Amino acid sequence: NLWQNGLTGADRIGVKVNSITTDQTVGSADVLIRYGPCTSDDECDDGLGCTGSETCNLSTGQCQAPSQCASLEYRGTSGLTYSTGVGVYFKLEALVDVAVTQLRVRSYSSGSCTFRIYHKAGDFVGSETNSSAWIKILDSTLDDCQSFPDETILPEFASSVSVQAGSNHSFYVWTPNTHVYEPRTDGGVYANNTDMKLFSGNANFDEFGTPSTAFRLWNGRVTYGISDGTFSPSTSPTTTPTRSPSLTDLPTTSPTRNPTTTPTSKPTFLPTGSPVAASCGNGVCDAGTFENVFTCPEDSCTNFDCATEDCSTLTST
C-alpha cells in the first residue's frame, strides 16, 4: 500500500508498505518512507492491482492512480456450514464499471490450503459441469490459511476481470480443503453496495460434477477497482466496409473532348448591327426601320447612319 499526505513538492511525504506479516504473537513490516516529490513511476507502485498502474506526476510530485480500490464483503452470521472438497458459485452484477482483482475466502481450518478460481461472463447457471465454459484465473496453494472467522487473503489475479455497468459475471471458487458457505432456501441478492450486487449460487462437491440443487451463499470478500472506463471493445471492427462504393460515379479516365487548338471562328469586325426590319425584302429601303446597306442590301439600301450605328470599325474607301 502507498499513503501520501496530500501535499506537493518538498512537503510531500509518501509511506509505502512493501510487505507485512501478521502473526498472533509477532508481526513485522517492510516500510519505505520518502520525503519530497516523486521522481519516477517506480516509486508510485503500491503493489495493489485494484489501483491500476500508478504514475508519478512530475509537475506536482504526487503519485496518482487510474482507479480507486474498494471491496464488498459477505460475512454470514447464522446457518453457516463448511465442507471439504467443495466449490461455490456466485454471480456479480456491476452497477458501475469495475475491475475485479482479488478474492478473499474463509476456510474452516488453518494451515495449508489450495484454492482455484474460475470466472465467466454472464450467468453460471447451465455451465456448472462444463469446465470449458470457464476461465481459470487463479490456482494457489498457501501455507498460512486462516481458520474461521478470519479471512484468507488469496493472491491477486494475474490480470483483472473487467465488468461493465449493467453486466453480469460469474465466479466459481473451489478447494479440496475446507470451505465455509451458507445454505439458503431462496435465491436473489444477498450482498450489495453502490458498485455491485452479489447473487446467491449453489455448490459443487466435485470440481465440475453435478451441482447441488439448493442455494448456497459464497462467504468472503470481492476486491475491485473503480474502473476508469478503458474496456476492450465488445466486438472487433469489421475487416472490410459493409458496403462497397458505387462505381457509377467514378471519374472518366480521360476528358470526353479535347479542347480545340484554335477558336471556332474569328470575331466579326462589325457588330451584327441593328435589328433587321420587318419590312426588309419589300424592295423599298426604309431608313426609318433601321434598314441600311448592311442590314438590308436586298432592298438596294446604300445609306448608313453613324448616329445610330457603330462606325468605329469602318474603313474609309
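Annotation for Ser131 and Glu298: the two label points, set 7 Å from Cα along the Cα-Cβ direction, are 11.1 nm apart.
Let me check I've understood the local charge: for Ala191, count other residues with C-beta under 15 angstrom from its C-beta, Lys and Arg +1, Asp and Glu -1. What total comes out? Present the calculation step by step, with values, prior to reporting the outcome.
Working: positive: Arg75, Lys91, Arg104, Arg106, Arg184, Lys197, Arg216, Arg221; negative: Glu73, Glu93, Glu151, Glu182, Asp186, Asp195.
Result for the local shell: +2.
For region 177-226, applying the loop criterion from DSSP together with a ceiling of 16 other beta carbons within 10 Å to the chymotrypsin sites (Phe, Trp or Tyr not before Pro) yields Phe205. Put a dot 7 Å past the Cα of Thr55, heading toward its Cβ, do the same for Asn192, and the two dots end up 3.6 nm apart. Annotation: amide H-H contacts under 5 Å for Ile137 (H modelled 1.01 Å from N, sequence separation of 5 or more, or interchain): Ile117, Tyr118, His119.
No value in this document is a laboratory result; all are computed from the given coordinates. This structure is a prediction, so every number in the text was calculated from the model and none was measured. FYI the Cβ positions are ideal-geometry reconstructions off the backbone, even for glycines, and counts take in every protein chain you see.
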